[in-house]
Amino acid sequence: MRIGVYGGSFDPLHKGHIALLQGALKGGFIDIALVIPSARNNFKTYTNQLPCPYRYYMLKDCIEELELEDVYPCDIEMGIEGTSYTAVILDKLTDPDYIVPFLQDLGIKKKKANEQHNFFWIMGSDTIASFEHWYKPADILSKATLLSAMRPGSDVDIQKIASGIENNLGGHVELFRFDGIECSSSEILKDMDFTLCPKPVRDFIKLHDLYSDKNILDGVSDEDKVTFFESAIGMYPYLKEKRLLHTLNVGYLSCKLARRFGEDPGKALIAGALHDCAKELDIDYQRKLARSYSGDIFEDKKLLHSPAGAVFAREKFGIEDEGILDAICYHTTGRGDMTKLEKIVYLADKIEPSRTYTDLTEIRKAALTDLDEAVRMTVRSVKTKFEEQGRDIHPYTLAMMKDLRI
Ligand SMILES: [Fe+2]
Ligand SMILES: [Fe+2]
């Protein structure tokens, strides 16, 4: 098969990206396209963009909802350590041990998946000019043909650049005429006008309240940013889409609440983002981890992931800060004498943007001005739900209620 590979930030994915892919497919240059969101981009500080799982699922949901034929999302970069250079990605992607099972998982028959494949690295007309300055460009050309869009009437003499690459580095460059939509993700974000994003992308952005606060990471140290972005990638193998996006949403909201109520935004970002990190681990393993945390035993299966999460966050993601670990440990039950950080994560978990289990308008409004009142309202709604279901309220929650004078 001729496999097109299209890498980029896709922050956010827009109609120009889709048109380029369809141009390459419909023009008959490739049989299928794999689209790879960058996990760690060398060209910009990766901590300024959305963590990779958001961009991956934005892409995946869009491809599925638009039923784009022969286009597939590829998560390969989240499994590569260090900077995601094209040469490194192609090295892994072209390895039969990776590509054959990957294609079979997409539903491609074993015989076809095992064929000798030709790889094409798809580029927009704006990126080919800098290709010779990429990391190990000759290695890239030894693994893949460059397939570059050529915009009619463009100032850049792409044909000249293409033959320059072939002469200097060997390999092969193919060009295809493409007069698709003129747009860029950075322009979209500058104007905050998402009309050039496909509808599934607009819906995704709205559901998770992405991009609305340009200064969302203000006050977060570079070290904490890196911990957050690496944790997002690190949790990807352990959580399914909905839970992973939920836990990251809690991170962003906790960060905002921390700034509003005078807590450390970096700690809140990390505690919120990791609060559910253990929730989909094997239940016996959760119990084992939970028992090792500060002697607190939560025997209820639904609660185990909280102390287990604290241990998993420490062992897997290197979190040592006790305040962060306790905020993870007590996010489901609360407890007496809660710290501000614990209250923030507890609240954010219940009201993050994609939560729709009940009408949260009033609690969200209270969370703009009064942390304790918003927490109080949340606990009251939890209490009502438990009473309706005939469930006992955890002693820690009772202690929390006493503190909050409920
Ligand atoms: Fe949880
Ligand atoms: Fe949660």
| query | Just for the stretch 26-54: of the residues that are surrounded by fewer than 20 Cβ atoms within 10 Å (Cβ to Cβ) and farther than 26 Å from Asp193 by Cα, which one is modelled with the lowest pLDDT? | reply | Asn42
| request: Scan the stretch 348-357 for residues that are more than 13 Å from ligand 1 (Cβ to nearest atom) and in a helix (DSSP H, G or I) and report the count. | output: 1
| Do the conditions hold for Ile140, that is, is it among the hydrophobic types (A, V, I, L, M, F, W, C) and either modelled with pLDDT of 95 or more or within 25 Å of Asp75 (Cα to Cα) (or both)? | yes
| task | Give Lys225, Lys190, Lys214 a once-over and let me know the one that is at pLDDT below 95 and under 16 Å from the mean Cα position of the chain (by Cα). | result | Lys225
| query | Would a scan of the stretch 193-201 turn up a residue that is in contact with a Gly (Cβ under 9 Å, 6 or more places away or on another chain), surrounded by fewer than 19 Cβ atoms within 10 Å (Cβ to Cβ) and not acidic (Asp, Glu)? | reply | no
| remark: In the set Asp276, Asp209, the lone residue that is away from ligand 1 (no atom under 16 Å from the Cβ) and touching a residue at least 24 places away in the same chain (Cβ under 8 Å) is Asp209
| request: Please state which one of Ala327, Ala313 is over 30 Å from Asp203 (Cα atoms), touching a residue at least 12 places away in the same chain (Cβ under 8 Å), within 13 Å of ligand 2 (Cβ to nearest atom) and of a type in the set (A, V, I, L, M). | output: Ala327
| message | Out of everything in the stretch 134-148 that is more than 17 Å from Ser163 (Cβ to Cβ) and small (Gly, Ala, Ser), what residue ends up being surrounded by the fewest Cβ atoms within 10 Å (Cβ to Cβ)? | response | Ser142
| request: Look through the stretch 286-304, keep the residues that are within 16 Å of ligand 1 (Cβ to nearest atom) and in a helix (DSSP H, G or I), and return whichever of them is farthest from Ser221 (Cα to Cα). | output: Arg287
| said: Given the options Lys365, Lys267, Lys301, name the one that is more than 16 Å from ligand 2 (Cβ to nearest atom) and surrounded by fewer than 22 Cβ atoms within 10 Å (Cβ to Cβ). | reply: Lys365
| request: Specify which of the listed residues (Leu210, Leu175, Leu189) is surrounded by 14 or more Cβ atoms within 10 Å (Cβ to Cβ) and in contact with a strand residue (DSSP E or B) (Cβ under 8 Å, 6 or more places away or on another chain). | output: Leu175
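Yes/no matrix, rows are residues, columns are (1) surrounded by fewer than 21 Cβ atoms within 10 Å (Cβ to Cβ); (2) in contact with an Asp or Glu (Cβ under 9 Å, 6 or more places away or on another chain); (3) not assigned by TED's automatic domain parsing to the domain that holds Phe312:
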position: Asp218; (1), (2), (3): yes, no, no
position: Thr227; (1), (2), (3): no, no, no
position: Ser231; (1), (2), (3): no, no, no
position: Ala258; (1), (2), (3): no, yes, no
| said: I'd like to know if the stretch 69-76 contains one or more residues that are modelled with pLDDT of 95 or more and over 22 Å from Ala19 (Cα atoms). | reply: yes
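The values are calculated or read from the model by the stated rules, or taken from the named source; none is laboratory data. Since we're looking at a predicted model, the values are computed, not measured. Neighbour counts run over all protein chains shown; Cβ positions are idealised from the backbone, glycine included.
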